[in-house]
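Below is one structure, written out as structure tokens, with a few remarks after it.
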């Protein structure tokens, strides 16, 4: 590389007032235009592997580039490779909500750029997080036992998987502490611990179990059935646990779900938490997607029984107008987390430790990493800007659109809704054409339908396979999605199904 | 709560063009004013515990609040509780660099708000990450074996602790795979695995070991000495490993550091990686802080020997003008990560899997979580906006300021630089007054000096204790710090030392 140029030495200021006052405005306009034009782009990117790695120079520029040129690069080279999660035609996976208030929150937290690992490192970051977690607790009508005013408390993690990892480690530590080490070799105990979930539980749970070192043979995946709407069956669970106990294994952790990823099934929390209690297990409730809906009184019943759980998490970064990364976790006993995750190095000792160390929360002891972003800022901005009324209206609007889409499907006998809709995700397929259709044929047909719809670029949906049935999932919840987009989707579904069913008839 | 008001139903659009085009400008101006006034605030917040939790209403607002009122709240209630990591008087911990380019990058990634867990979910997010990781690899002159063009590759994690967790799990899986399971009970093997670090290694490493389930008795912390500048001594390490092997234990992982947190010590990588190789261990090099300096040819020698490592990480979110969260990890064999962390659920299957699954990177298999922010965007913005020349100038400026501060200390016999400065962090103290001063007296005096300096609110520094010596750390590297701030610090150090030493003389 060339030798170091003298020219920049004098003037280079990476937070210079002039640039900072000017350049962000260009990016705001750029993004406003992006949202304005977003329907012109194919929802799911249609580039080929290598589209960018082969385009970009293989070394960073030596000299600074002007912002205008960089934004041109974003427009020409990066946007074509984006799968547009903010598009109103995005119905895939679960949505990832953006919003103006969240955007402002991200601006503020990036601007302050604090690293609030402990209270003193930035008191506002810690205390605002406590405030928003208590606000959400009220909004979700979570039991008081999860509140800081009791022995519990809440923390913002980056992802559900982080919440799994932290609660698994806490559960293990608690179990090890319970057993007198003189009586039992803790090493053997560790390899005898068993965790439980259903075949509908998010795969992150098995990954988290693997990460924390649970014996891979000790992860029990209880099968669910369509006839029970893919809920975890308490009796089936009980049978598995009892067999483990008889074999000398130690039940550790039960993972329950409100709103599973494949079909948004809801496990019966009350009775399952009772089972967990009976065997002195940690019971975690993962409501990553559906938790947001439960801020509306009419959907709160889906959380009934959560009072029996040891911990509960949901992701505002899916459906509560807050961007990644924002997973909210509450525990009933905050000392469970800190006993397993606390560290107290000299460098981080607060000076007035005698005065305040007992009173303050050091969030580094509630999570994996030391460093943490000021994530409460964006959640606070969202709640202040939209209010409870706005947030509920936002959720209800999507549920209404999903009801509408479901009603359209019910009216057309060629389709079937495979599992009952609980929230704003509809799981449907083209129904078997006749008694003689094999399940493979029907699956192939529906896979073709999905490919054909996604191929248009106007919409993007994903699928699930449950009890060998290929299901098309329509997750309605992108911030920009309106009823007209759902109607457009319905027109497309009919048109593409017509084409497929027509050709099918010709083939057969 | 009141019943749901009808009024908002019609007009509420959380990404409405009008708000999105208008409101961010207010926040830009708000932050520009914050930077302009930042020196007026005490660097370390002086609020008391409960300052915010007791102020904020205990429920979220029901109705939306106007942005102007929210920003007023930020000004009046939140800013007083912020410890100002962006202040030019911030010399604590290690700095957390903000910059305009990073800010623009965060705006873009928040605006797109993609969730790029696998290639298809947003090809640009994956490929831009590959591009910037290859750029950085070149900039750091990392060996080609860490490149995607060989068997290696790089990924952006949220924190060093995440990199520790992922590489520990990968190392364990690799070790388990190496051993024929029929010959050996893998359960016992798991509890026999041993990890190694020094007493200067970041405490996150021990936390990560605990999280992944390493037997707590099998974490070896090798003592370092001031006489060896707190480097990990290869012979001391060798002795510990040999004792473990004799005891039937299995060496798994060695954690090395370039730029330790207490004193920025640099472990001798070459010879230590040789030791790791001899015992078939994973060798990780953590250069969280100092890695950024190594983009300058004159500091690159600190990484000599890294070619012997299995993995390497550093944090642009400390000293490379990029905000949290941005930890860059490279591995020599990318299949080590994916064999331990890959998941392949039906929902995420790429449609054209036959066509491209072999060619693409699915970053979910390189990290803990499924979801991931488009973090490469901010790193790319920083590298494009400042160029290699700007980034090097930025590093050199801090190192020059640290040299300057060190020279001032050298000239005044009352002070001593406790360990040689390697980068831009100076570790000093008031030297023992006489032969008869006990170490406790000297430590007490220096603790008082630090408290007295921090108490002014004009600067914020933290301390370390090494070989029972209390050391004041001056980490020079905040984006806004200029030579005049270092001179101000020096004036303050002298003045406060005068006061302390004067009163000390009166006391004795």
ask   = When you scan the stretch A:182-292 for helices (runs of 4 or more DSSP H) that lie fully inside it, which ones turn up with 2 or more residues that are touching a residue at least 12 places away in the same chain (Cβ under 8 Å), surrounded by 24 or more Cβ atoms within 10 Å (Cβ to Cβ) and within 14 Å of chain B (Cβ to nearest Cβ)?
value = A:204-212
key: Which numbered condition residue B:115 fails, given (1) at pLDDT 95 or above; (2) at the interface with chain A (Cβ under 9 Å from one of its Cβ atoms)   = (1)
query = Which of the residues spanning the stretch A:54-90 are touching a residue at least 60 places away in the same chain (Cβ under 8 Å), within 7 Å of chain B (Cβ to nearest Cβ) and buried (at least 21 other Cβ atoms within 10 Å of the Cβ)?
reply = A:83, A:85, A:86
inquiry  = Cβ contacts < 7 Å: first residue within 7 Å of another protein chain (Cβ to nearest Cβ), restricted to the stretch A:11-31; second residue at pLDDT below 90, any location; separation 6+ or different chain. Result?
reply    = none
request  = Kindly indicate whether any position in the stretch B:383-397 is crowded, with 20+ Cβ neighbours inside 10 Å and part of a loop (DSSP other than H, G, I, E, B).
outcome  = no
ask   = Which one of these is under 22 Å from the mean Cα position of the chain (by Cα) and either within 18 Å of residue B:316 (Cα to Cα) or within 10 Å of chain A (Cβ to nearest Cβ) (or both): B:106, B:127?
value = B:106
ask   = Among the residues of the stretch B:332-350, is there at least one that is under 22 Å from the mean Cα position of the chain (by Cα), outside any helix (DSSP H, G or I) and crowded, with 24+ Cβ neighbours inside 10 Å?
value = no
ask   = Only one of A:275, A:266, A:250 is within 26 Å of residue A:399 (Cβ to Cβ) and touching a strand residue (DSSP E or B) at 6+ places or on another chain (Cβ under 9 Å); which?
value = A:266
query = For residue A:323, are the conditions met, namely being assigned to a loop (DSSP other than H, G, I, E, B) and either modelled with pLDDT under 95 or in contact with a helix residue (DSSP H, G or I) (Cβ under 9 Å, 6 or more places away or on another chain) (or both)?
reply = yes
Sole residue being under 22 Å from the mean Cα position of the chain (by Cα), crowded, with 21+ Cβ neighbours inside 10 Å and not in a loop (DSSP other than H, G, I, E, B), chosen from A:419, A:426 = A:426
request  = Give the residues of the stretch A:413-422 that are out of contact with any strand residue (DSSP E or B) (no Cβ under 8 Å at 6 or more places or on another chain) and closer than 15 Å to residue A:231 by Cβ, sorted by residue number.
outcome  = A:420
key: Filter result for the condition that a residue is touching a strand residue (DSSP E or B) at 6+ places or on another chain (Cβ under 7 Å) and modelled with pLDDT under 95, over B:346, B:353   = B:346
Condition broken by residue B:138, with the remaining ones in (1) over 29 Å from residue A:31 (Cβ atoms); (2) in contact with a helix residue (DSSP H, G or I) (Cβ under 9 Å, 6 or more places away or on another chain) satisfied = (2)
query = Are any residues in the stretch A:471-480 buried (at least 23 other Cβ atoms within 10 Å of the Cβ), within 11 Å of chain B (Cβ to nearest Cβ) and out of contact with any strand residue (DSSP E or B) (no Cβ under 6 Å at 6 or more places or on another chain), and if so, which ones?
reply = A:479
Residue in the stretch B:455-467 that is part of a helix (DSSP H, G or I), within 14 Å of another protein chain (Cβ to nearest Cβ) and out of contact with any strand residue (DSSP E or B) (no Cβ under 7 Å at 6 or more places or on another chain) present = yes
ask   = Is the stretch A:110-131 home to any residue that is within 12 Å of residue A:361 (Cβ to Cβ) and touching a strand residue (DSSP E or B) at 6+ places or on another chain (Cβ under 8 Å)?
value = yes
request  = Starting from residues that are under 30 Å from residue B:100 (Cβ atoms) and within 8 Å of chain A (Cβ to nearest Cβ), keep the ones in the stretch B:35-53 and report whichever is nearest to the chain's Cα centre (by Cα).
outcome  = B:44
task = Output the residue which, of all residues in the stretch B:134-161 that are part of a helix (DSSP H, G or I) and surrounded by fewer than 24 Cβ atoms within 10 Å (Cβ to Cβ), is farthest from the other protein chains (Cβ to nearest Cβ).
result = B:145
remark   = Sole miss for residue A:110 among (1) under 30 Å from residue B:478 (Cβ atoms); (2) without any contact (Cβ under 8 Å) to a residue 40 or more places away in the chain; (3) not in a helix (DSSP H, G or I) is condition (3)
task = Might you let me know whether the stretch A:497-506 holds any residue that is at pLDDT 95 or above, closer than 15 Å to residue A:88 by Cβ and either assigned to a helix (DSSP H, G or I) or in contact with a strand residue (DSSP E or B) (Cβ under 7 Å, 6 or more places away or on another chain) (or both)?
result = no
query = Hey, among B:164, B:94, which residue is surrounded by 21 or more Cβ atoms within 10 Å (Cβ to Cβ), more than 8 Å from chain A (Cβ to nearest Cβ) and not in a helix (DSSP H, G or I)?
reply = B:94
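The values are calculated or read from the model by the stated rules, or taken from the named source; none is laboratory data. As the structure is a computational prediction, the values presented were derived from the model and not from experiment. As a convention, Cβ positions derive from the backbone with ideal geometry for all residues, glycine included, and neighbour counts pool all protein chains shown.
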